[in-house]
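Q: Once you've had a glance at the structure underneath, I'll fire off some questions.
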Amino acid sequence: MSKPFSYPEVNLSVAVILCEGRTLLTWNDNWGAFSLPMTKIRTWSGPSGTIDENSESAQQAAIRAAAEGLGRPLKDSEIPEQSVELELQPYSHRSHRDGQWKRYSREVFVFQIEGDLSSFTGKGVWLTSSEVSSMQPISQTAQEILSVLEAQLS
């Protein structure tokens, strides 16, 4: 009897950054598409080989992704206290970075950014939900997360 496939688990933090009814999408060279700012949650192994309690939290990773996408640090008032409970299933996918199959799970944080879009200096585009669904190339991951988020919040 064959064994089921077992892929390495990758935990991602996703930053959904909103301002003036638009969402920030940034260019991802590895994917060849615009996507939501996201990053792998950094973990460090302790002396016994277990995950160190000083590893990065999902919230810290999301803040890092949001700051990179915005090109600036975040104000305390812009940082969400917790992630949004979305019905997203983990998925297996071949990594564009190293070509290996991995199982990805995503924790989503929604950032409401103060100010106006004219002050934005980062490298990205601000799109409405209808633009996300009608423009290309937008990553499948971004489309799925934004679609589920919109459905659950309405």
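The values are calculated or read from the model by the stated rules, or taken from the named source; none is laboratory data. Since we're looking at a predicted model, the values are computed, not measured. Every residue, glycine as well, gets a Cβ built from its backbone with ideal geometry; the counts of neighbours run over all protein chains shown.
Q: Take residues that are out of contact with any His (no Cβ under 9 Å at 6 or more places or on another chain) and buried (at least 17 other Cβ atoms within 10 Å of the Cβ) and tell me which of the strands (runs of 3 or more DSSP E) falling wholly in segment 77-128 contain 2 or more.
A: 101-112, 124-127
Q: Return the only residue of 92, 55, 35 being closer than 28 Å to residue 119 by Cβ and not β-branched (Val, Ile, Thr).
A: 35
Q: Are there any pairs, at least 6 apart or on different chains, whose C-beta atoms fall under 8 Å, with the first in segment 123-139 and among the charged types (D, E, K, R) and the second surrounded by 13 or more Cβ atoms within 10 Å (Cβ to Cβ) and assigned to a strand (DSSP E or B), and if so, which?
A: 123/26; 123/27
Q: While we're looking at this one, here's another question. Could you check, for segment 58-71, whether at least one of its residues is at negative phi, assigned to a loop (DSSP other than H, G, I, E, B) and free of Cβ contacts under 8 Å to residues at least 60 places away in the same chain?
A: There is no residue in segment 58-71 that is at negative phi, assigned to a loop (DSSP other than H, G, I, E, B) and free of Cβ contacts under 8 Å to residues at least 60 places away in the same chain.
Q: Under the condition of being loosely packed, with under 13 Cβ neighbours inside 10 Å and at pLDDT 95 or above, which residue from segment 136-154 is nearest to the chain's Cα centre (by Cα)?
A: Filtering segment 136-154 for residues that are loosely packed, with under 13 Cβ neighbours inside 10 Å and at pLDDT 95 or above, the one nearest to the chain's Cα centre (by Cα) comes out as 137.
Q: Okay, moving on. Among all residue pairs at least 6 apart or on different chains, which show Cβ distances below 6 Å where the first residue, located in segment 74-89, is farther than 11 Å from residue 113 by Cβ and the second is of a type in the set (Val, Ile, Thr) and in a strand (DSSP E or B)?
A: 80/110; 83/108; 84/108; 84/110; 86/108
Q: Please go through segment 29-55 and pick out each residue that is crowded, with 19+ Cβ neighbours inside 10 Å and either in a loop (DSSP other than H, G, I, E, B) or at pLDDT below 95 (or both).
A: If the condition is that a residue be crowded, with 19+ Cβ neighbours inside 10 Å and either in a loop (DSSP other than H, G, I, E, B) or at pLDDT below 95 (or both), then 36, 37, 41 are the ones that fit.
Q: If we keep just the residues of segment 1-28 that are assigned to a loop (DSSP other than H, G, I, E, B) and modelled with pLDDT under 90, which is surrounded by the most Cβ atoms within 10 Å (Cβ to Cβ)?
A: 7
Q: Turning to a different aspect of this structure: Determine if segment 93-114 includes at least one residue that is without any contact (Cβ under 8 Å) to a residue 24 or more places away in the chain, in contact with a helix residue (DSSP H, G or I) (Cβ under 8 Å, 6 or more places away or on another chain) and not charged (D, E, K, R).
A: No, because not a single residue in segment 93-114 is without any contact (Cβ under 8 Å) to a residue 24 or more places away in the chain, in contact with a helix residue (DSSP H, G or I) (Cβ under 8 Å, 6 or more places away or on another chain) and not charged (D, E, K, R).
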